[in-house]
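Engineer: Pasting a structure here, questions to come.
The values are calculated or read from the model by the stated rules, or taken from the named source; none is laboratory data. On a predicted model such as this, the values are computed, not experimentally measured, just so you know. Glycine gets a Cβ as well: all are built from the backbone with ideal geometry, and neighbour counts include every protein chain shown. Just so you know, the surface numbers come from the protein's heavy atoms only, side chains and all, with ligands and any DNA or RNA stripped out. Shrake-Rupley method; radii C 1.70, N 1.55, O 1.52, S 1.80 Å.
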Amino acid sequence: MNIESNGYVATGFVEDVPVYDEGDLAVVHGDVVESVERLSKVVAELVGEGRRVVVIGGEHVATIGVIKGYRAGGFKPCLLVFDAHLDLRYEYLGVKYSHASTFRRVLEILGDTELVYVGVRAYSREEMELAKSKPGVTVITPRNLELLGLANIVAGVRRSLARCESVYVSIDMDVYDPSQAPGVGNPEPGGLTSRELLPIIANTVDERVVGLDLVEVAPPYDAGGVTSVLAAKTLQEALIALNLKLKPKYSPASS
Ligand SMILES: [Mn+2]
């Protein structure tokens with residue numbers, strides 16, 4: 001399978017983005033806590049070298065480790081999350097390090113920060129009450145998108161993140177509608193299309209983005225590999241958009 005390297009909205013090509021592949025993290029199968037700990041150490045090291053870290057998964061629990069690493073590296077980023085779920089449970093099936101508890105743990109690590117969700121449409125009562133009780137949490141649903149349109153959603157996200165010095169972006173592939181991304185652990189109907197999400201990403205990612213992840217691709221459920229293709233395209237869009245924002249706007253005359 002092959003996809004072209006151009007952005008969908010962001011004008012550019014992914015081969016122009018300076019990327020270094022750090023390889024795979026050596027996880028300990030069956031030991032989530034230790035695996036997350038290892039991830040946080042690797043991320044802290046890379047952040048210490050001044051790098052922007054891009055993590056591809058896998059379980060959304062990975063984001064806990066990444067944020068731990070950023071915090072250790074001195075960052076307290078705002079969060080821009082694309083997800084069908086809030087992932088704010090205190091624990092899930094007795095487990096505190098779970099994809100359903102990711103942002104509960106992240107908020108424990110960061111303390112109060114701006115947390116902007118796009119695409120949320122599935123949550124427990126406990127999660128929604130917690131989200132409502134936190135002034136920094138903004139939830140934008142697919143229904144909001146339908147009623148307000150893309151431009152207003154983009155403006156709303158930007159407004160919510162306006163005062164942030166740094167932003168961390170987390171993309172859970174279940175934000176997409178299951179018809180477009182069936183290969184995820186918890187498919188939830190009523191999701192976004194690629195023609196909605198790619199423009200939102202391209203227009204909200206800017207130079208303040210210090211890192212990002214794309215998670216929850218589950219190849220065993222991914223008939224035809226369509227979710228992996230969309231994941232690659234989504235990551236490509238985010239990287240091209242970010243790279244464009246990092247480029248100097250003008251070059252001073254040399255002589
Ligand atoms: Mn998630």
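Engineer: So which residues in segment 76-96 are at negative phi, surrounded by fewer than 18 Cβ atoms within 10 Å (Cβ to Cβ) and assigned to a loop (DSSP other than H, G, I, E, B), if there are any at all?
Structural biologist: Hits for segment 76-96 are Lys76, Tyr90, Glu91, Lys96.
Engineer: Could I ask something else about it? Would you pick out the residues in segment 58-88 that are of a type in the set (Ser, Thr, Tyr) and away from the ligand (no atom under 15 Å from the Cβ)?
Structural biologist: First, the residues of segment 58-88 that are of a type in the set (Ser, Thr, Tyr): 63, 70.
Tyr70 - this is the single residue of segment 58-88 that is of a type in the set (Ser, Thr, Tyr) and away from the ligand (no atom under 15 Å from the Cβ).
Engineer: Which of the residues spanning segment 40-60 are open to solvent by 10 Å² or more (accessible area, probe 1.4 Å) and either touching a Ser or Thr at 6+ places or on another chain (Cβ under 9 Å) or among the acidic types (Asp, Glu) (or both)?
Structural biologist: Glu45, Glu49, Val55, Gly57, Glu59
Engineer: For segment 130-242, list the helices (runs of 4 or more DSSP H) that sit wholly inside it and hold at least 2 residues that are crowded, with 18+ Cβ neighbours inside 10 Å and among the hydrophobic types (A, V, I, L, M, F, W, C); which are they?
Structural biologist: Details: elements: 142-148, 150-160, 194-204.
Hits in segment 130-242: 150-160, 194-204.
Residues checked against (1) in contact (Cβ under 8 Å) with a residue 12 or more places away in the chain; (2) over 19 Å from the mean Cα position of the chain (by Cα); (3) away from the ligand (no atom under 16 Å from the Cβ):
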site: Ile3; (1), (2), (3): yes, yes, yes
site: Gly12; (1), (2), (3): yes, yes, yes
site: Glu15; (1), (2), (3): no, yes, yes
site: Leu25; (1), (2), (3): yes, no, yes
site: Val43; (1), (2), (3): yes, no, yes
site: Val47; (1), (2), (3): yes, no, yes
site: Tyr90; (1), (2), (3): yes, yes, no
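Engineer: So which residues in segment 23-39 are surrounded by 14 or more Cβ atoms within 10 Å (Cβ to Cβ) and not in a helix (DSSP H, G or I), if there are any at all?
Structural biologist: Listed by number, the residues that qualify are Leu25, Val27.
Engineer: Please state which one of Gly191, Gly224 is within 14 Å of the ligand (Cβ to nearest atom) and not charged (D, E, K, R).
Structural biologist: The unique qualifying residue is Gly191.
Engineer: Identify, by number, the condition in (1) open to solvent by 60 Å² or more (accessible area, probe 1.4 Å); (2) closer than 19 Å to Ile201 by Cβ that Met1 doesn't meet.
Structural biologist: (2)
Engineer: Given the condition of a type outside the set (Asp, Glu) and more than 15 Å from the ligand (Cβ to nearest atom), answer yes or no: does some residue in segment 97-107 qualify?
Structural biologist: Here is the first cut: in segment 97-107, the residues of a type outside the set (Asp, Glu) are 97-107.
If we keep only those that are more than 15 Å from the ligand (Cβ to nearest atom) as well, we get none.
Checked segment 97-107: no residue is of a type outside the set (Asp, Glu) and more than 15 Å from the ligand (Cβ to nearest atom).
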